[in-house]
Amino acid sequence: AAPLKRDRAAVRRLQRRADRQRRAGNPENYLPDGRVRPGPKVWKVSNKQREVGVKLAEAQRQTAVHRHCLHGQLANAVLEMGDDIRIEKNSYRSFQRHYGRSVGLAGPAGFVSALTRKAANAGAQARQLPARMRLSQVCHGCGCVEKKPLSRRVHECACGVGPVQRDVYSAWLACMAIPDPPGSTDPNGSAEWRLDADQARAAWSGAEPRLPAASSPMSVQEFSSWARQVARGGPRAAR
């Protein structure tokens with residue numbers, strides 16, 4: 001959502017300007033401490049406030065279009081990496097309690113919908129893994145499950161696994177998940193899944209040196225360029 005922060009700043013400036021105009025034109029509707037006076041009210045709207053309202057609506061429309069464009073670019077870049085996409089099923093509404101308005105700005109649910117739709121059109125699979133697998137809390141090395149606070153972003157276990165960025169590690173574990181029973185598929189994501197610990201242990205030696213490099217922040221445009229190079233077998237694919 002980094003490119004959208006500039007759009008958000010422009011929207012906030014217009015919202016504050018509209019609020020100042022509303023307060024200046026309707027002082028009788030506010031209490032001395034700045035709160036809106038309870039009870040029935042009549043709001044007067046000036047011509048300048050209407051002009052700001054039009055500009056605000058246009059700024060919000062442009063933000064939505066920009067977000068939709070970024071979702072499409074990121075979904076296309078993900079589809080260039082493969083045709084088996086796995087997403088941990090989450091309640092994005094509950095994310096707002098922890099991350100606030102940034103969730104609405106980034107629109108993760110809209111991105112998942114766009115990715116699922118594009119995957120279906122391209123003949124790929126986009127399946128959702130149940131959150132009860134607790135991929136961000138389990139360790140494939142010893143099998144222990146440790147509930148981590150949100151502030152802890154690194155996975156490191158006494159068995160020798162880690163340190164590795166928590167989100168990258170859980171995404172890597174999702175690649176090692178298999179349907180249970182084997183061969184069962186469900187487009188709605190309600191099928192049972194389990195972590196294949198043996199497969200994860202066998203693949204860990206080759207993945208351990210590469211996962212820290214995948215933890216660095218990357219913009220949508222950078223990821224799209226990198227995904228195209230990997231799909232074409234470019235020089236960065238070997239790394």
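The values are calculated or read from the model by the stated rules, or taken from the named source; none is laboratory data. Remember, predicted model here, so these are calculated numbers, not experimental data. FYI the Cβ positions are ideal-geometry reconstructions off the backbone, even for glycines, and counts take in every protein chain you see. To get the accessible areas, we keep the full protein, side chains included, count just its heavy atoms, and leave off ligands, DNA and RNA. Shrake-Rupley method; radii C 1.70, N 1.55, O 1.52, S 1.80 Å.
Taking label points 7 Å from Cα along the Cα-to-Cβ direction, Lys147 and Asp180 give a separation of 2.1 nm. Using the Cβ-Cβ distance between Gln221 and Ala131 with R0 set to 22 Å, the FRET efficiency works out to roughly 0.15. A Cβ-based charge dipole, computed about the Cα centre of region 57-200 with Lys and Arg at +1 and Asp and Glu at -1, lands at about 740 debye.
Note on Asp198 and Lys41: the extension gain reaches 49.8 nm, defined as 0.36 nm multiplied by sequence separation minus the Cα-Cα distance.
Please name whichever of Cys142, Phe111, Tyr92 sits farthest to the positive end of the charge dipole of region 90-150, dipole taken about the Cα centre and charges placed at Cβ: Lys and Arg +1, Asp and Glu -1. Value: Tyr92. The accessible-area ordering, largest first, of the residues Asp7, Asp198, Asp167 stands as Asp198, Asp167, Asp7, per a 1.4 angstrom probe.
Quick one: with all protein chains in place, what share of the accessible area of the chain is carbon or sulfur, to the nearest percent (1.4 Å probe)? C and S fraction of accessible area: 54 percent.
About its Cα centre, region 129-183 has a charge dipole of approximately 220 debye under the convention of +1 per Lys or Arg Cβ and -1 per Asp or Glu Cβ, with nothing else charged.
The angle between the Cα long axis of helix 197-207 and the longest principal axis of the Cα atoms of the chain comes to about 80 degrees, rounded to the nearest 10. Just so you know, the averaged projected area of the alpha carbon convex hull for region 48-143 sits at 8.6 nm². The residues of region 29-98 expose on average 70 square angstrom of accessible surface per residue, using a 1.4 Å probe on protein heavy atoms. Computed about the Cα centre, the dipole magnitude for region 1-88 is approximately 920 debye when only Lys and Arg (+1) and Asp and Glu (-1) carry charge, each at its Cβ. If you sort Cys175, Cys144 by accessible surface, 1.4 Å probe, largest first, the order is Cys175, Cys144.
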